[in-house]
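Just so you know, all these numbers are worked out from the coordinates, no wet-lab data involved. Worth saying up front: this structure is predicted, and the values here are computed from it rather than measured. Methodologically, a virtual Cβ is constructed for each residue, glycine included, from the backbone with ideal geometry; neighbour enumeration extends over all protein chains shown.
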Amino acid sequence: MKSRSHHTARPDPGHLLPGDMLSLYHFLRLAREVDNAVLRLYKQGKIVGGAYTGRGNEATAVGSAYALEAHDYLLPMHRDLGAHFVRGQTVRNILLQQLGRAESLTRGRDGTGHYADPALRIYGNVSHLAAMIPVAAGIALGSRMKKEGAVTLTYIGDGGSNVGDFHEGLNMAAVMKLPLVLIIENNQFAYSTPIARQTAAEKLSDRAAGYGIPGVTIDGTDVIVVYDVCRAAVDRARRGDGPSLIESVTMRMDGHSASDDASYVPKALLAEWERRDPLVRFETHLIREGLLDESRKKEIEETIRTEIDEAVHAAEVSPHAKGTDAAKGVYAD
Ligand SMILES: Cc1ncc(C[n+]2csc(CCOP(=O)(O)OP(=O)(O)O)c2C)c(N)n1
Ligand SMILES: [Mg+2]
């Protein structure tokens, strides 16, 4: 099958090239703008069910997925839209999915990210928190048995990291030295529960010691840091040295979903994290380094706007799924 992936060989940690830097910027901005488009559609009453954004998490999703090769596996969570795009997913497919159309990857049976795209090796997400970790361990085991030389990357939220499946999946991966990388996206809240009421641990990465694997806590708003640390963990997994646990610290800048105004989040906390906005941070860095200027920025913005406008239009005129097809593919023939 022809791959739609944008992948080329990835540079070693500390060696991102100017072209990579602009690609990362493009994906960060694309994730942000598609989130905005989805929110607009939600407010227009065109989305059935919830709308979840990844605002604040873009650097974690983009930097981590950028560390993968085309034949690796990605099992993203609901804040990881940018990771889908890095692997080559189209805005059109994401919007068809959001609008629940017949031509979407789930043929209109789902309105969020619960899809699989085998051509891009994207599987997920599974909504039942942490249930994806044993699945990821299974994929890692299967790919090793097939000698694919592939790494499986998956994620879990701070809240989800307290569910039992986290332990079972990560323990099995550690003891079998499976090629798995697990990122805990610590965005300070699980719905309305702040991190201090979820765990007595100082750092979620400290748990790694209990599994006999490396664990590290990083600034999840810095896309270069995320890439470098993930790339090292991916390389380690590919060498056969087993899984790593990475706690990426960010802030959930919107409510849990579009129906949640996040009024329980202290305003000062949001203001503090606003100053560390991953997109603005990276943009400032690129301008300072002379890799981005106003005209280049406008060009990227224009490309993204056109791509999103076309995708929104294509999804809106695309037919709805037929009720009579609802059970298709549910049972084996
Ligand atoms: C096992 C399980 N329990 C409860 C839920 C409902 N639920 C969905 S998302 C969520 C909060 C998740 O918080 P976190 O893991 O921190 O991820 P975040 O949304 O903050 O990125 C909850 C409780 C679920 N999906 N699965
Ligand atoms: Mg959370």
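Taking a ≥ b ≥ c as the square roots of the Cα gyration tensor eigenvalues, with a/c under 1.5 meaning rounded and otherwise prolate when a/b beats b/c, else oblate, which class fits the stretch 208-297? Judged from the Cα gyration tensor, the stretch 208-297 comes out oblate (a/c at least 1.5, b/c at or above a/b).
Restricting the stretch 221-311 to trypsin sites (Lys or Arg not before Pro) that sit in a DSSP loop and have at most 12 other Cβ atoms within 10 Å of their own Cβ leaves Arg275.
Loop-located GluC sites (Glu not before Pro) across the stretch 205-292 with a Cβ neighbour count of 13 or fewer within 10 Å are Glu289, with loop assigned by DSSP.
Counted by neighbouring Cβ atoms within 10 Å, the residues Leu182, Leu96 run from fewest to most as Leu96, Leu182. Here the spin labels are modelled as points 7 Å beyond Cα on the Cα-Cβ line, and at Asp293 and Ala9 they lie 3.2 nm apart. Given contacts defined as C-alpha pairs under 8 Å and at least six residues apart, what's the relative contact order of the stretch 102-208, whole-number percent? Relative CO of the stretch 102-208 lands at 23 percent. Could you tell me which of rounded, prolate or oblate describes the stretch 1-144, using a ≥ b ≥ c as the square roots of the eigenvalues of the alpha-carbon gyration tensor, with rounded for a/c under 1.5 and, failing that, prolate when a/b is larger than b/c and oblate otherwise? Oblate. Quarter the surface of the alpha carbon convex hull of the stretch 176-333 and you get the mean projected area, 15.9 square nanometres. Taking N as the residue count of the stretch 67-166, its C-alpha radius of gyration divided by 2.2 N^0.38 Å amounts to 1.08.
When the convex hull of its Cα atoms is viewed from all sides, the stretch 42-126 shows a mean projected area of 5.4 nm². Taking a straight Cα-Cα cut-off under 22 Å and skipping sequence neighbours fewer than 8 places away in the same chain, the lysines within cross-link reach of Lys146 are Lys2, Lys177.
Using a cutoff of 8 angstrom between alpha carbon atoms and counting only pairs six or more residues apart, the relative contact order for the chain works out to 22 percent.
Listed values for the stretch 325-332 are Karplus-derived 3J(HN,Hα) couplings in whole Hz (6.51 cos²θ - 1.76 cosθ + 1.60, θ = phi - 60°), namely 8, 4, 8, 4, x, 7, 10, 5, and x replaces Gly and Pro. Starting from the Cα gyration tensor of the stretch 252-327, take the square roots of the eigenvalues, sort them a ≥ b ≥ c, and report rounded, prolate or oblate (rounded when a/c is under 1.5, otherwise prolate if a/b is larger than b/c, else oblate). It comes out oblate by the Cα gyration axes. The distance between label points at Thr90 and Ser263 comes to 4.2 nm (points 7 Å beyond Cα on the Cα→Cβ vector). Which chymotrypsin sites (Phe, Trp or Tyr not before Pro) from the stretch 250-308 combine a DSSP loop assignment with at most 16 other Cβ atoms within 10 Å? Sites meeting the loop and neighbour criteria: Tyr264.
Rounded to the nearest 500, what is the 222 nm mean residue ellipticity of the chain from helices alone, with -39500 (n - 2.57) per DSSP H run of 4+ residues and division by all residues?
On the way: 11 runs with 138 residues, N = 333.
That comes out to -13000 deg cm²/dmol.
The label point for Thr324 and the one for Ala196, both projected 7 Å from the Cα toward the Cβ, are 5.9 nm apart. Note that the chain carries a Kirkwood radius of 20.2 Å, evaluated over its alpha carbons pair by pair. Across the stretch 222-328, the mean sequence separation of Cα contacts (distance under 8 Å, 6 or more residues apart), normalised by length, yields a relative contact order of 19 percent.
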